[in-house]
Amino acid sequence: MMLGAVLCTLVLSASASRLSRNGWTMETPDTVTGRLGSPVTVYCKFTHPHPRYTGNITIMWKAGRTGPVYIKYTNYGPDSQRKYQNVIDVNEGERHRVIGNPRRNDATIEINQLRGEDNNKLWSCCVELQGEDGKFETGHGTRLIVAGHEEKLRSVTGTKGGDATLPCPFAIPNTYQNRATVTVLWRRGRPHGQLVFNYTLGLTAHTNSGESETVNEGNRYKLVRNVGDGDASLKIRGLELNDTGRYFCHVHIMFIKETYQQDQVTQNMSRLQVVAPAVILNLSLVAGGDIVCTAEGEPPANITWIDPENNTLPINTNHTPVTHVPDKHQTVGEIRGPRLRGTYHCVAENTQGRDARDILAPGPQSNGGRTVYIMVSIVVLLVLVTAIIIWRVKRGRCLQTKV
């Protein structure tokens with residue numbers, strides 16, 4: 001018998017977010033709030049009544065029940081050449097990215113660069129198993145809210161070794177009854193990227209009824225304000241240069257309204273730039289007599305060379321190449337074949353600071369040594385010529401005596 005079923009629910013609306021019928025379940029937030037110009041993750045978790053099913057799974061996201069399709073893709077079963085691969089058939093505007101794994105009951109997607117026209121739209125998550133055995137379509141909507149933004153508020157600069165606070169304001173509904181649970185997730189890189197912080201707070205009648213922190217990577221993260229007041233701003237302590245990048249705050253609120261549960265998600269993006277003054281890590285002579293100066297800094301350090309005669313050497317020539325190593329935030333400067341004997345100065349500098357070190361270089365072979373070599377060579381040559389002349393003179397005298 002052919003196996004087939006479809007579960008389709010509107011994602012992002014204001015009603016129950018957990019649906020169950022005929023052995024199917026689907027969980028989606030009622031609202032998702034994202035920032036204009038930023039990506040946002042739209043969640044859709046599901047189960048179906050066929051736990052051993054291995055056929056094709058088709059996921060479709062569309063506007064409402066009958067609106068246009070935004071993205072449609074199929075995860076193919078083991079009997080096809082595309083075993084367990086997602087093949088996208090529709091991707092309106094190439095704006096959508098598959099995040100979830102349908103084989104793990106996850107149809108989550110990412111929408112890139114939210115637009116003003118995305119605001120207040122209803123989305124539908126549909127899951128279809130292969131076959132024509134039956135179809136089922138139900139559910140309430142989830143509404144996408146697009147908030148404006150000010151870049152200055154979302155861009156944070158910190159100094160290596162110091163602290164920085166990433167903002168994350170959100171709204172707590174005033175109409176909830178009984179109890180609300182607030183979960184704060186902070187991720188790096190992408191909306192569904194590496195999880196670095198996870199915190200949950202229970203609220204009852206505007207009072208804290210319990211809290212827990214389950215993820216705190218490196219124990220470097222701390223909430224700086226009261227989540228119950230609508231602020232999930234995160235402090236990062238002991239900044240490192242590799243902390244630079246995008247961070248996404250996800251606030252998931254579950255609360256009871258009248259007789260059903262509501263879920264709302266707010267997502268905020270922040271950019272963190274960690275700066276560091278230029279510091280020379282190493283200055284040394286290497287095989288062949290070259291000088292190498294390695295500096296760290298952000299922005300990348302600029303390297304300047306001063307020779308023993310106090311002249312500033314041209315930078316990034318065949319004689320003084322410069323290499324940047326972005327993933328290590330390092331700059332490497334070289335002097336190939338120093339032409340003078342004496343002290344060379346390496347100066348590393350950026351907008352945050354300056355560092356300098358000295359090194360003694362033997363330089364090329366001195367002129368005095370060359371002169372001695374030339375003089376010795378001349379003497380040897382003169383001795384050789386003289387010996388030949390004397391030998392020839394003696395030989396000539398011997399021949400005359402015989403005659």
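Numbers for the structure displayed
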{"item": "Per-region count, region 269-281, residues open to solvent by 30 Å² or more (accessible area, probe 1.4 Å) and either touching a Lys or Arg at 6+ places or on another chain (Cβ under 9 Å) or touching a residue at least 60 places away in the same chain (Cβ under 8 Å) (or both)", "result": "4"}
{"item": "Filtered residues of region 61-82 (kept if open to solvent by less than 40 Å² (accessible area, probe 1.4 Å) and either touching a residue at least 60 places away in the same chain (Cβ under 8 Å) or part of a strand (DSSP E or B) (or both))", "result": "Trp61, Lys62, Ala63, Gly64, Tyr70, Ile71, Tyr73, Thr74, Asn75"}
{"item": "Any hit, region 110-121, residues being touching a Phe, Trp or Tyr at 6+ places or on another chain (Cβ under 6 Å) and open to solvent by less than 60 Å² (accessible area, probe 1.4 Å)", "result": "no"}
{"item": "Pairs where the first residue, in region 156-179, is at pLDDT 90 or above and the second is open to solvent by 40 Å² or more (accessible area, probe 1.4 Å) and of a type in the set (A, V, I, L, M), C-beta under 6 Å, 6+ apart", "result": "Thr165/Val224"}
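Let's see how each residue does on (1) modelled with pLDDT of 95 or more; (2) part of a strand (DSSP E or B); (3) within 27 Å of Gly158 (Cβ to Cβ):
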{"site": "Thr331", "(1), (2), (3)": "yes, yes, yes"}
{"site": "Arg339", "(1), (2), (3)": "no, no, no"}
{"site": "His345", "(1), (2), (3)": "yes, yes, no"}
{"site": "Ala348", "(1), (2), (3)": "yes, yes, yes"}
{"site": "Ala356", "(1), (2), (3)": "yes, yes, yes"}
{"site": "Pro364", "(1), (2), (3)": "no, no, no"}
{"site": "Arg370", "(1), (2), (3)": "no, no, no"}
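Residue-by-condition table, conditions (1) among the polar types (S, T, N, Q); (2) modelled with pLDDT of 95 or more; (3) outside the structural domain of Gly297 (by the TED database):
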position	(1), (2), (3)
Gly230	no, no, yes
Leu234	no, yes, yes
Arg246	no, no, yes
Ile256	no, no, yes
Gln261	yes, no, yes
Val265	no, no, yes
Asn268	yes, no, yes
Ile280	no, yes, yes
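The values are calculated or read from the model by the stated rules, or taken from the named source; none is laboratory data. Since this is a predicted model, take the numbers as computed values, not measurements. Positions of Cβ are backbone-derived with ideal geometry, glycine not excepted, and every protein chain shown enters the neighbour counts. Calculation scope for accessible area: heavy atoms of the full protein, side chains included, ligands and nucleic acids excluded. Shrake-Rupley method; radii C 1.70, N 1.55, O 1.52, S 1.80 Å.
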